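The values are calculated or read from the model by the stated rules, or taken from the named source; none is laboratory data. Here the structure is a predicted model, which means the values were calculated and not measured. Please note: Cβ atoms are built from the backbone with ideal geometry, for glycine as well, and neighbour counts cover all protein chains shown. SASA here: full protein model, heavy atoms, side chains in, ligands and nucleic acids out. Shrake-Rupley method; radii C 1.70, N 1.55, O 1.52, S 1.80 Å.
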Amino acid sequence: MPAPTRMPLLLLPGLLCDGRLWRDQMDGLADLVDPVVADLTLDTSIQAMAARAIATVEGPFAVAGLSMGGYVAFEVMRQAPGRVARLALFDTSARQDAPEQAKQRRGLMSLTRSGRFKGVTPRLLPRLLHERNLYGPLAGEVMEMAERVGRDAFLRQQEAILKRSDSRGDLGSIAVPTLVVAGEADVLTPPELAREIAEGIPGAALHLLPGCAHLPSMEEPEAVTALMRAWLS
C-alpha cells in the first residue's frame with residue numbers, strides 16, 4: 001500500500017529571510033509533515049504573498065510564519081480559513097506599523113532606491129540576534145541570507161509590510177490550535193505583542209524563549225522544533 005501522505009506545513013519567512021530561517025525545523029519535523037517554504041520575495045502586497053503561498057500546497061495544511069511571515073499567516077487565515085488546520089506565529093505583530101515605524105521603513109526604502117542597499121549589516125544584527133550570537137557563525141548566516149534575498153525583493157517586501165492590514169480584529173475568530181512564540185530579547189516585535197496575539201486567540205499557547213531575539217528558529221532551533229512537534233501532534 002502507498003505510504004500515507006503527510007499534511008503540508010507551509011513555512012513563511014520574515015523580511016530578508018529565506019529557507020535558511022526554517023532549515024532546522026524542516027529537518028526536525030519531516031517525519032510529521034511535508035515542509036514547504038513559501039517564496040515571499042516576488043509580490044508587493046501581503047494579500048498576493050498569501051495567495052501565492054496557498055497555491056503551493058493542496059488540501060488542509062498547517063502554517064507557521066515569523067515576523068513578516070506572521071503578517072502573511074494572518075492573511076492566509078483570511079483567504080483560506082477552511083484549509084488551515086494549525087497556526088504558529090513567531091516574533092510577529094497583529095498591528096500595523098506605528099507612524100514612526102512607517103517613517104523609518106520608508107527611509108530605508110529611499111536609501112535602498114538610491115543604491116545604498118546593505119542588507120543586514122553588523123550594525124543591524126543586535127536588533128535581530130541575541131547578544132550571545134552577535135560574533136558567531138549565526139551572524140554571518142543572517143547577513144548571507146539577506147544578501148541572497150537582495151535589494152529588489154527587499155523593496156517589494158517593505159512595500160507589502162507598509163500596506164498590511166491590522167489583524168487584531170480577526171484574532172477572536174481563529175479556531176485552530178495556535179502556537180505563539182517570541183524571543184524574550186526581541187526588540188523589533190517585543191514579547192508584549194506576542195502576548196496580545198495569544199490573549200486574543202482562544203486557546204492559543206504562548207512561549208517566550210530566553211536567549212533569543214527576533215530569530216528563534218535559528219537561535220534556539222531545538223527548542224523551536226520541540227514546540228512545533230508538540231503543536232503538530
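Of all residues in segment 46-60 being β-branched (Val, Ile, Thr) and in contact with a helix residue (DSSP H, G or I) (Cβ under 8 Å, 6 or more places away or on another chain), which is nearest to PRO8 (Cα to Cα)? Break it down stepwise before answering.
First, pick out the residues of segment 46-60 that are β-branched (Val, Ile, Thr): 46, 54, 56-57.
If we keep only those that are in contact with a helix residue (DSSP H, G or I) (Cβ under 8 Å, 6 or more places away or on another chain) too, we end up with 46, 54.
Values: ILE46: 21, ILE54: 11 Å.
Going through the qualifying residues, I end up with ILE54.
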### Task
Please go through segment 178-206 and pick out each residue that is surrounded by 17 or more Cβ atoms within 10 Å (Cβ to Cβ) and closer than 24 Å to PRO60 by Cβ.
THR178, LEU179, VAL180, VAL181, ILE197, ALA198, GLY200, ILE201, ALA204
### Output for segment 207-233, where each listed residue is of a type in the set (Gly, Ala, Ser) and either at pLDDT 95 or above or open to solvent by less than 30 Å² (accessible area, probe 1.4 Å) (or both)
GLY211, ALA213, SER217, ALA223, ALA226, ALA230
### Query
Considering only segment 127-137, how many residues are open to solvent by 20 Å² or more (accessible area, probe 1.4 Å) and within 18 Å of the chain's Cα centre (by Cα)?
3
### Task
Spot the failing condition for ALA98; the list is (1) among the aliphatic types (A, V, I, L, M); (2) more than 21 Å from MET145 (Cβ to Cβ); (3) at pLDDT 95 or above, and only one is missed.
(3)
### Query
Of all the residues that make up segment 158-177, how many are open to solvent by 70 Å² or more (accessible area, probe 1.4 Å) and farther than 30 Å from LEU111 by Cα?
4
### Summary
Going through segment 108-126 in order, the residues found to be outside any loop (DSSP other than H, G, I, E, B) and open to solvent by less than 30 Å² (accessible area, probe 1.4 Å) are MET109, THR112, LEU125
